[in-house]
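So the structure is just underneath, and the comments pick up after that.
Bear in mind these aren't lab numbers, they're just calculated from the coordinates by the rules spelled out. None of the values given here were measured: they were computed from a predicted structure. Using ideal geometry, Cβ is built from the backbone for each residue, glycine included, and neighbour counts are taken over all protein chains shown.
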Amino acid sequence: MRKFQIILLHCLVITLFACSKNTSSDVVDKVNENHDILKREFLTNDKKTKFVVHNEPKLSKEKMDKITDEIHSSYQQILKYSNGYEWEDRINIYLKAQNLTSYAQKGEIYLYNTRGSDYPLTHELTHLLLGYGNPKFEMNADYGILTQEGFGVYIEEMLYPERKVFPNYGIDVHKVMKYLLENNRNIPIFDLVNKSVRHKYLGESNYPEMWKAYVHAGSFIKYLFENYKRDLVINIYNSPDFAKEFETVFDQKLQTVEENWINYILTEIQPLNSEERAALLYP
């Protein structure tokens with residue numbers, strides 16, 4: 001009998017370790033016998049979304065708490081830019097240790113470089129909460145990449161300006177844009193919303209073009225938010241016919257606003273210093 005009681009107690013202890021709950025923040029952790037957190041589940045404060053974070057690198061509890069806080073902060077900030085898109089009520093985030101490119105699919109984020117601090121969590125979460133491309137399908141580039149990637153770059157920089165993530169790596173995206181313009185590496189904005197050439201700027205096989213495209217998108221969207229009412233910019237997010245929708249919403253032609261943006265970058269933004277230039281991905 002005593003042996004049975006000891007075994008029963010041992011099983012109870014393992015069960016408690018395997019599923020521990022932090023009642024103060026509604027966090028439920030699944031842990032192993034070494035107390036490593038394998039998976040964490042929690043609801044957002046508005047109770048609308050459950051996040052499931054898969055801790056494949058077995059990051060420490062302190063690091064998991066930091067990522068959890070960043071998810072809450074990013075979620076709340078991104079929803080200030082909500083355009084009515086209905087996102088998944090369960091989002092899986094797979095933490096990875098490798099130095100690879102993070103990406104998002106419908107209801108899922110594959111987040112790399114998580115042993116350090118430079119991972120694009122906010123950027124990828126923007127895609128899931130605001131939508132990306134034709135909502136009848138998974139996530140795609142049917143509607144171009146200008147607002148979709150631009151919002152991601154803009155909100156990531158706003159929340160974590162020091163974070164060294166693609167495309168601007170902790171440098172003001174306007175300053176990187178100025179560098180591109182001064183070196184004749186401009187991309188027409190229409191190309192970033194043109195269905196026929198959109199994939200040119202998304203394939204990793206042409207990473208330098210992809211980098212330029214993301215810088216353009218981030219800087220242009222940042223300029224719009226700095227100079228126009230937030231609701232106007234939100235209204236053009238992920239538009240199927242962007243140029244036409246832009247003119248309707250802003251009562252200005254896209255080309256006119258693009259010219260104003262370029263002039264602002266060239267005349268009002270400070271150039272990169274030597275340290276920032278050395279940090280550019282493709283100088």
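Things worth noting here:
- One compactness figure for the stretch 145-186 is 1.17, namely its Cα radius of gyration divided by 2.2 N^0.38 Å.
- What the phi angles of the stretch 155-170 give under the Karplus curve with 6.51, -1.76 and 1.60, with θ = phi - 60°, is a coupling list of 6, 4, 5, 5, 7, 9, x, 7, 6, 8, 10, 4, x, 9, 6, x Hz, glycine and proline written as x.
- Unit charges at the beta carbon, dipole of the chain: most positive-side option, LEU281, HIS35, GLY84: HIS35
- Taking one quarter of the surface of the C-alpha convex hull of the stretch 187-265 gives a mean projected area of 5.1 nm².
- Computed Kirkwood radius, in angstrom, where 1/r is averaged over Cα pairs of the stretch 65-151: 13.4 Å
- Debye equation applied to the C-alpha atoms of the stretch 135-283, log10 I(q)/I(0) at 0.14, 0.16, 0.18 Å⁻¹: -0.64, -0.85, -1.09
- Calculated Rg and Dmax of the chain using C-alpha coordinates, Å: 21.7, 85
- The Cα atoms of the stretch 19-131 give a gyration tensor whose axes a ≥ b ≥ c have a/c of 1.5 or more with a/b no greater than b/c, which makes the shape oblate.
- Given +1 at the Cβ of Lys and Arg, -1 at the Cβ of Asp and Glu and no other charges, the dipole of the stretch 157-283 around its Cα centre is 260 debye to the nearest 20.
- Rounded to the nearest 20 debye, dipole of the chain from Cβ charges on Lys, Arg, Asp, Glu: 980 debye
- Under 14 Å, Cβ to Cβ, from HIS123 - net charge with Lys/Arg +1 and Asp/Glu -1: -3
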